[in-house]
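First the structure, in the form of structure tokens, and then the observations on it.
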Amino acid sequence: MDVILIRVLFVLFVAVTCYLIQPFGLPSNLDAGVGVLLGVGIVVFEWRLRLMSLKRLIGSAIGSILGIVGAYLFALVIRNSIPPGHTQSFLMLMVMLLMAYVGLAVGANKGDLLNLSALGGIFGGEKQSKKSYKILDTSVIIDGRIADIAETGFLDGTIVIPQFVLRELQLVADSADSLKRNRGRRGLDILQRLQKVASLQIQIVEDDFPTVREVDMKLIELAKLYEGKIITNDFNLNKVAQLQGVEVLNINELANSLKPIVLPGEIMKVFILKEGKEYNQGVAYLDDGTMVVVDNARKMIGKTIDISVTSVLQTTAGKMIFGKWDERAAGRAESRPAVSVVTAVPTSGAETKKPQPIMAERPIE
């Protein structure tokens, strides 16, 4: 808030100065208006400079100096080649602006290649001071798994929550549809959990892009501005961001990579929940949500059976496991007969004793 007040006072100061001095030779009101535009331009330039790293600032300064030196050499050639006049003045000015601009842009782009840590002192901490920004999407907040990941300590850096994402989340929470309303409130609860994680730094930013209407495109522009990564589980946002060179952390891809590896031929125990799409198929689900399609298991709905894995299919939506239930093998295991082992006791004279079992009945294993 203090920074905003200082910026407003600076713009007012420039406007009043232009109103009193009239440096552009215009009426006082027009000079004041030009002063306001000039002050706003300086404030915007300062705001953009604050987002740049020290490496880029040094690279920009070096590039500008080299560009001005080159422009001076070109100006000498123009002065000796073209007669004095408006054309000579225009070319010298354009060469100066062009070389300064090119030097500034190239220097800022190549500034990241500078190794400031080798200089020591205040430059040695530049690498450590650079923040890693991770921007949350509305879908990943409502999903809720981001809070579990954060509580385990796998997330570092600064978690950025844009103001336009909060507005969208609030609209969902105030929806007339009870399902949407519950999802929105769940998202707000997840944000409260994230704020309680001691190892995380939560930052709510006011940056907005009025010319961009879609929230997904605003997230991409914000990621470019902060040089951060977008955390989402939206497949379309993932693809669009990658096409525009923005790094994405997809929660679904993380979940798929953490699922246990199942190889064909393994035996696993599953609970058949419902009927499959194909004939005589049953469908089961693992604890992590992986779908298991079982052949010959339609009549075993509502029961837990042992199946043999036949194949594993990895799709963009997740992993699917295909298995087969061998009804004959299960029937043989259930119909194995019980065996009794008895022995005869020798008798003497006319006395006869009934044979006594020395081993209890048990099924053959």
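Here are some notes:
- The set of residues in region 117-132 that are at pLDDT 55 or above, part of a helix (DSSP H, G or I) and polar (S, T, N, Q) contains only 117.
- Candidates 149, 135: the one that is modelled with pLDDT of 80 or more, closer than 29 Å to residue 247 by Cβ and buried (at least 18 other Cβ atoms within 10 Å of the Cβ) is 135.
- Qualifying residue in region 290-309 (condition: of a type outside the set (A, V, I, L, M), under 33 Å from the mean Cα position of the chain (by Cα) and not assigned by TED's automatic domain parsing to the domain that holds residue 234): yes
- Selected residue (only one of 270, 293, 283, 248 is under 30 Å from residue 135 (Cα atoms) and either in contact with a Gly (Cβ under 7 Å, 6 or more places away or on another chain) or crowded, with 16+ Cβ neighbours inside 10 Å (or both)): 248
- Condition check for residue 26: surrounded by fewer than 18 Cβ atoms within 10 Å (Cβ to Cβ), part of a helix (DSSP H, G or I) and not charged (D, E, K, R): no
- Residue within region 28-36 that is in the same structural domain as residue 110 (by TED's automatic domain parsing), more than 22 Å from residue 106 (Cα to Cα) and of a type in the set (Val, Ile, Thr) present: yes
- The numbered conditions (1) in contact (Cβ under 8 Å) with a residue 40 or more places away in the chain; (2) of a type outside the set (Ser, Thr, Tyr); (3) loosely packed, with under 12 Cβ neighbours inside 10 Å are all true for residue 49 except (1).
Listed here are the residues, each with its yes/no results for (1) without any contact (Cβ under 8 Å) to a residue 24 or more places away in the chain; (2) surrounded by 17 or more Cβ atoms within 10 Å (Cβ to Cβ); (3) under 30 Å from residue 227 (Cα atoms).
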position	(1), (2), (3)
21	yes, no, no
41	yes, no, yes
67	no, yes, yes
86	yes, no, no
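The values are calculated or read from the model by the stated rules, or taken from the named source; none is laboratory data. Computed from a prediction, not measured in an experiment: that's the story for all the values here. With ideal geometry, Cβ positions are generated from the backbone for all residues, glycine too; neighbour counts draw on all protein chains shown.
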